[in-house]
Amino acid sequence: MNHARPTSLLRRRSLIGVCAAIAWGACATDESGAGGGLDGAPPALDVRLVVDPNQTTPADLARRLTSIVVIVDAEGGLYDPGEETSNGLVQIKNADADPTDLEIVATLEVDRDSLPTFRLERGGLDDVPIDLRVLGFAEGGSTHIAEGTLRAARFGDAPRDVSLPFLLRASELPPRVVDVLPADGASVAGCTIPSVTLVFSRPIDAESLVAAGAIDLAPFGPPTSIELDDSGLVATLVTTGLEGTDESGITFRLVVSGAIRAADGGPGLDQAPAEGGAQVFEADVHLACSPPPLQPCTPGDPAPGCSNGCGEVACTPDPRIQCVDESCVLAGCLTSCPEGTVCNAARTECALDCRTADAIDGCAPPSSCDASSGSCVDAASATD
């Protein structure tokens, strides 16, 4: 852990009677003298970046980065359009999809030995929750390789420590299995399932996926066939005899070989990137049985509990899976996406609308921004 005194970002909101100012370096008290803590120190957040040990170590991540960018925002905004300014390291600018207010954008160098800790002082800002976003950049990189977010942080009455999760982007990690459907503990109608769906963190090489011994559903054996959707992220494992009884349900052990590779020729399956080499993915799945559907199943518009017929494949009976162009795919985001974000249907998650992204953000190569959807897509499929 880095015990050095945190770099300080002193920020004051432009309010009546308070001069709009931003400084870099030593902390100072607000001109008004308001907001000091019990020990005389002004309210502040000392922010420490925390990595996921299942991804990497703080030292390893620091060695990959040359700088981090800190974006500070609050509901109602910090500054108004027309108040843009810069002192080189800290800028007041628009850094999100909302052009009606401005954010604070600060750049910190990374010394390659440890991740920086930084301080945010409340200054003249009202005691309102703030949002922090941190982006990590490698040398010469135009898009970030790591990111983290802390929502609704409050300053309190004196300086205090806060932790901000700071993670590598999925594109920077080896491929992983991120979901198995039906999920462990789910209930299936009729006590039989025609297929199991795997969702990967990165597009998968189809040849390695269908190679002998790549996947097993013990004790039922390997799938009879495997269908990979166009995104390369969703694999439908077609099965026969994957059934149980009303009393015991359906139980199987899913084993996915570490020899499965990323579609771009990258490394093999790796469930623990901080550990060297590829690792096998294993999951024990137990499904409860419910009565079969009460009405006939119609392909393309199934009744509750029906498997969704999709060409020659029956999609996994899960509400997150649907048939599109005779391919079983993830159905999209399950909730409405907030303003300024769009649904990344392949991963059923909301992501920043890349059409409104500032130069500090955007799509990580080799993907590019799809002008019609606002999502980052493979460059070959992007539209102008």
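Here are a few things to note about the model shown:
- Any pair with Cβ under 6 angstrom, 6 or more apart, that starts in region 164-185 at a residue that is on the phi < 0 side of the Ramachandran plot and ends at one that is of a type in the set (S, T, N, Q) and at pLDDT 90 or above: 181/197
- There is no residue in region 107-119 that is closer than 30 Å to residue 272 by Cβ, in contact (Cβ under 8 Å) with a residue 40 or more places away in the chain, crowded, with 21+ Cβ neighbours inside 10 Å and among the small types (Gly, Ala, Ser).
- Residue within region 77-98 that is hydrophobic (A, V, I, L, M, F, W, C), surrounded by 17 or more Cβ atoms within 10 Å (Cβ to Cβ), free of Cβ contacts under 8 Å to residues at least 40 places away in the same chain and not assigned by TED's automatic domain parsing to the domain that holds residue 368 present: no
- Residue among 148, 123, 136 that is touching a Ser or Thr at 6+ places or on another chain (Cβ under 8 Å) and in the same structural domain as residue 108 (by TED's automatic domain parsing): 136
- Residue-level analysis places residue 210 among those that are surrounded by fewer than 19 Cβ atoms within 10 Å (Cβ to Cβ), in the same structural domain as residue 277 (by TED's automatic domain parsing) and farther than 24 Å from residue 52 by Cα.
- Cross-chain or 6+ apart pairs with Cβ under 6 Å, region 133-162 first and touching a residue at least 40 places away in the same chain (Cβ under 8 Å) and assigned to a loop (DSSP other than H, G, I, E, B), then crowded, with 17+ Cβ neighbours inside 10 Å and aromatic (Phe, Trp, Tyr): 144/137
Results for (1) at pLDDT 65 or above; (2) surrounded by 13 or more Cβ atoms within 10 Å (Cβ to Cβ); (3) touching a Gly at 6+ places or on another chain (Cβ under 6 Å), shown as yes or no for each residue.
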position	(1), (2), (3)
330	yes, yes, no
336	yes, no, no
339	yes, no, no
344	yes, yes, no
347	no, yes, no
350	yes, yes, no
357	no, yes, no
360	no, yes, no
369	yes, yes, no
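- Scanning region 35-52 for residues that are surrounded by fewer than 18 Cβ atoms within 10 Å (Cβ to Cβ) and modelled with pLDDT under 85, we see that the one that is nearest to residue 108 (Cα to Cα) is 41.
- All positions within region 242-265 that are touching a Cys at 6+ places or on another chain (Cβ under 9 Å), among the charged types (D, E, K, R) and closer than 18 Å to residue 181 by Cα: 243
- Subset of region 223-242 that is in contact with a strand residue (DSSP E or B) (Cβ under 8 Å, 6 or more places away or on another chain) and surrounded by fewer than 17 Cβ atoms within 10 Å (Cβ to Cβ) - its residue that is farthest from residue 269 (Cα to Cα): 224
- Some residue of region 101-110 being at positive phi and either among the small types (Gly, Ala, Ser) or modelled with pLDDT under 90 (or both): no
- Residues in region 163-182 that are in contact with a Gly (Cβ under 7 Å, 6 or more places away or on another chain) and assigned to a strand (DSSP E or B) were compared, and the one that is surrounded by the most Cβ atoms within 10 Å (Cβ to Cβ) is 167.
- Checked against the criteria, residue 112 counts as out of contact with any Phe, Trp or Tyr (no Cβ under 6 Å at 6 or more places or on another chain) and either over 30 Å from residue 176 (Cα atoms) or assigned to a loop (DSSP other than H, G, I, E, B) (or both).
The values are calculated or read from the model by the stated rules, or taken from the named source; none is laboratory data. Bear in mind the structure is a predicted one, so any value in this text is a computation, not a measurement. All Cβ positions, glycine included, derive from the backbone under ideal geometry; neighbour counts span all protein chains shown.
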